[in-house]
Amino acid sequence: MKAKAFDTRLFKRILQYTKPYKWRFNGVIIFAVSLSLFAALRPYLLKQTVDGYIKTQDTHGLLIYITLMGIVLLLEVFSQFYFVYWANWLGQDIVKDIRIKLFKHILSFRMKYFDMVPVGQLVTRSVSDIEAIARIFSQGLFMIISDIMKMLVVLLFMFYMNWTLTWIVIVAMPILVYITRIFQRKMQVAFEEVRNQISNMNSFVQERVTGMKIVQLFNREKIEYEKFKEINEKHKKAWIKTILYNSIFFPIADIISSLTLGFIVLYGGIKILNGDHFTTFGDLFSYTMFIGMLFNPLRQIADKFNEMQQGMIAANRVFEIIDTQDQIQDTGKIEAPIFKGAIEFKAVHFSYIPDEEVIKGINLSVKAGETIAIVGATGAGKSTIINLLNRFYEISSGTICIDKHNIDEYTLSSLRKQIAVVLQDVFLFADTIFNNITLNNPNIQREEVYAAAQTIGVHEFIMSLPGGYDFDVKERGVMLSSGQRQLIAFLRSYISNPSILILDEATSSIDTYSEELIQRATETITQGRTSIVIAHRLATIVNADKIVVMDKGLIMEEGTHQELINRESGYYKNLYYSQFSMAN
């Protein structure tokens with residue numbers, strides 16, 4: 001889709017964010033006006049000084065006007081300082097508000113959105129794109145307003161002083177305006193391409209750095225290096241295009257400005273030498289300053305308009321995310337109490353991709369306080385059941401009930417507060433163990449964490465680490481083994497005191513020592529609450545109250561371990577003995 005030269009609707013939307021800072025917005029405008037007045041007054045005072053006091057050798061008058069020019073210069077500096085400072089301050093406050101709104105909105109998206117959108121793209125929108133919005137105010141809008149005001153005031157002074165010389169300048173201006181317009185259009189397209197390439201590069205780098213272990217394990221360094229070179233080359237070409245346009249435009253603008261100034265000096269000088277009194281030396285002196293003050297802003301407006309266009313392009317990308325309605329519908333009215341834990345799936349169908357069902361009309365009943373295990377091959381739909389129970393995804397049809405209420409009837413936050421999940425791939429933040437356990441919940445005290453850790457048997461392990469609970473696990477918990485991360489996840493779930501506990505392949509890839517600790521933790525944490533265990537290793541779930549066997553989105557068998565193992569040619573029986581024979 002071709003971008004508009006200037007999107008008025010988008011610009012008005014951006015300006016809505018200035019409302020809380022209206023006094024500062026108005027203050028910037030006031031300083032912009034005063035700046036233009038003081039800037040234009042200096043050349044006029046110079047003319048008066050040359051014609052009225054230097055030419056007549058009036059030392060006293062000269063001293064007065066020099067002092068007056070110094071005062072005007074100080075006022076101009078004062079206005080310039082507050083104009084720039086307040087404009088940047090306003091821009092930072094606005095992007096702070098937009099960034100908060102964006103992040104809050106991202107937090108509400110359902111998992112499907114994150115499945116489809118690259119993480120690097122979201123990082124670009126949340127960081128660099130939002131910073132570009134700040135430049136609308138710091139380098140774009142107010143600078144353009146200031147320059148336009150300065151040009152208008154300068155023209156008024158010029159017409160007042162010498163309308164003939166001013167018309168010479170006016171004739172040259174449409175040429176520069178036309179060139180500026182062409183430049184602005186070209187740069188708008190070029191900057192759109194630059195933003196696209198920056199987004200692509202961020203996504204690529206973020207994925208490769210996150211997956212560096214896979215890159216190195218499979219000897220992909222050279223391939224990924226070549227891919228990066230290709231992406232980097234496209235990024236460079238996008239920027240080169242903007243550099244080319246700048247390299248063409250600014251020399252042309254300088255030539256037009258210099259030729260205009262040269263023609264005025266030549267024309268005015270000849271008239272003065274010929275005794276024509278329509279102009280003076282003071283006029284020529286002041287016009288050398290006025291032309292720079294008139295043409296430089298006109299030339300720079302194109303550059304500042306580009307800053308504004310970059311900000312608006314970035315704003316459009318950010319608003320696309322803010323306008324995206326991809327949240328789980330939180331229409332429930334019931335604040336979920338402490339659940340008894342009775343769960344029921346009734347004819348539940350679900351698809352991640354339309355027309356490709358993952359769950360095919362299952363019916364499943366879990367009694368309050370019961371521990372059930374769900375087993376099956378990869379892709380059978382085991383983890384999907386957990387995602388649906390937490391309402392990470394919306395089911396296509398059917399109902400899921402907890403304590404005889406449809407989970408849609410509960411508020412989303414209260415529902416998830418009563419369900420704790422320990423995943424196979426535990427995610428830890430780059431923070432201390434204590435903060436990873438409490439997730440910075442101020443209502444959880446250290447004494448509670450210590451007591452919980454001792455109860456499930458992980459306190460000793462944590463205290464053996466440097467700094468104990470204040471040990472920094474670094475990004476994604478790389479300072480801990482997978483088994484140690486699992487133990488932290490168990491403690492995190494236990495301290496939240498959930499009504500329903502879900503263990504998703506929690507013991508599939510850990511060492512024997514960690515498994516012993518986790519088995520003890522599991523026995524403790526599952527007591528008195530409904531527990532769902534998704535297991536790969538069947539030996540770990542033989543004592544479950546019920547085992548559910550799934551395959552290709554369907555429930556194939558249900559029963560205790562003994563019931564299923566006694567079933568002739570049963571799916572579970574074959575699976576169990578297959579694992580048992582492999583272990584031996």
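Stretching the chain fully between V209 and E394 yields a gain of 63.4 nm (0.36 nm per residue, less the alpha carbon separation).
For L75 and F159, the FRET efficiency from 1/(1 + (r/R0)^6), where r spans their Cβ atoms and R0 equals 25 Å, is about 0.60.
How large a share of the accessible area of region 140-253, in percent, is made up of carbon and sulfur atoms when the probe is 1.4 Å and the other protein chains stay in place?
Summing carbon and sulfur atoms, their accessible area is 68 percent of the total for region 140-253.
The stretch between N196 and I565 holds 127.1 nm of extra length on full extension. This uses 0.36 nm per residue minus the Cα-Cα distance. Across region 122-218, Cα-Cα distances exceeding 24 Å account for 52% of all pairs. Hydrophobic long helices, here whole DSSP H runs in the chain with Kyte-Doolittle means of at least 0.5 and Cα atoms spread over 27 Å or more along the helix axis, are found at 22-49, 59-107, 141-161.
Placing unit charges on the Cβ atoms only, positive for Lys and Arg and negative for Asp and Glu, gives the chain a dipole magnitude near 1720 debye about its Cα centre.
Given a 1.4 Å probe, how much area per residue of region 99-221 is accessible, in Å²? Walk me through the numbers on the way to the answer.
Details: 6460 Å² over 123 residues.
That works out to 53 Å² for each residue.
For E523 and L439, the FRET efficiency from 1/(1 + (r/R0)^6), where r spans their Cβ atoms and R0 equals 22 Å, is about 0.35.
Could you compute Rg(Cα) / (2.2 N^0.38 Å) for region 298-388, with N its residue count? Write out the running numbers ahead of the final one.
On the way: Rg = 24.1 Å, N = 91, 2.2 N^0.38 = 12.2 Å.
Its radius of gyration relative to the 2.2 N^0.38 Å reference: 1.97.
Straightening the chain between K360 and R185 buys 57.6 nm, computed as 0.36 nm per residue apart minus the Cα-Cα spacing. The heavy atoms of R181 present about 110 square angstrom of accessible area, all protein chains included, probe 1.4 Å. Based on C-alpha pairs under 8 angstrom that are at least 6 apart in sequence, the chain has a relative contact order of 15 percent. For Cα extents along the principal axes in Å, several values are listed as [x] 86, 62, 39; [y] 57, 56, 53; [z] 122, 48, 47; flag the one computed from this structure. Given [x] 86, 62, 39; [y] 57, 56, 53; [z] 122, 48, 47, the calculated one carries the label [z]. Surface analysis of region 391-530 yields an accessible area of 46 Å² per residue, using protein heavy atoms and a 1.4 Å probe.
For region 229-290, the per residue solvent-accessible surface stands at 60 Å², with DNA, RNA and ligands left out and a 1.4 Å probe. Between S258 and T288, the modelled labels are 1.6 nm apart [label points 7 Å from Cα along Cα→Cβ]. Between E448 and D470, the FRET efficiency estimated from the beta carbon spacing at R0 = 25 angstrom works out to 0.95. With the simple model of a label 7 Å out from the Cα in the direction of the Cβ, S351 to E233 spans 4.1 nm. Taking Cα centroids, how far is region 350-425 from region 72-125 in Å? Going from one Cα centre to the other spans 38 Å. Dipole orientation for the chain: of the candidates S413, F250, L176, L176 has the Cα lying most toward the positive pole (charges on Cβ; Lys, Arg +1; Asp, Glu -1).
The values are calculated or read from the model by the stated rules, or taken from the named source; none is laboratory data. Quick caveat, the model's predicted, so the values are computed rather than measured. With ideal geometry, Cβ positions are generated from the backbone for all residues, glycine too; neighbour counts draw on all protein chains shown. Just the protein is used for accessible areas: all its heavy atoms, side chains included, with ligands, DNA and RNA removed. Shrake-Rupley method; radii C 1.70, N 1.55, O 1.52, S 1.80 Å.
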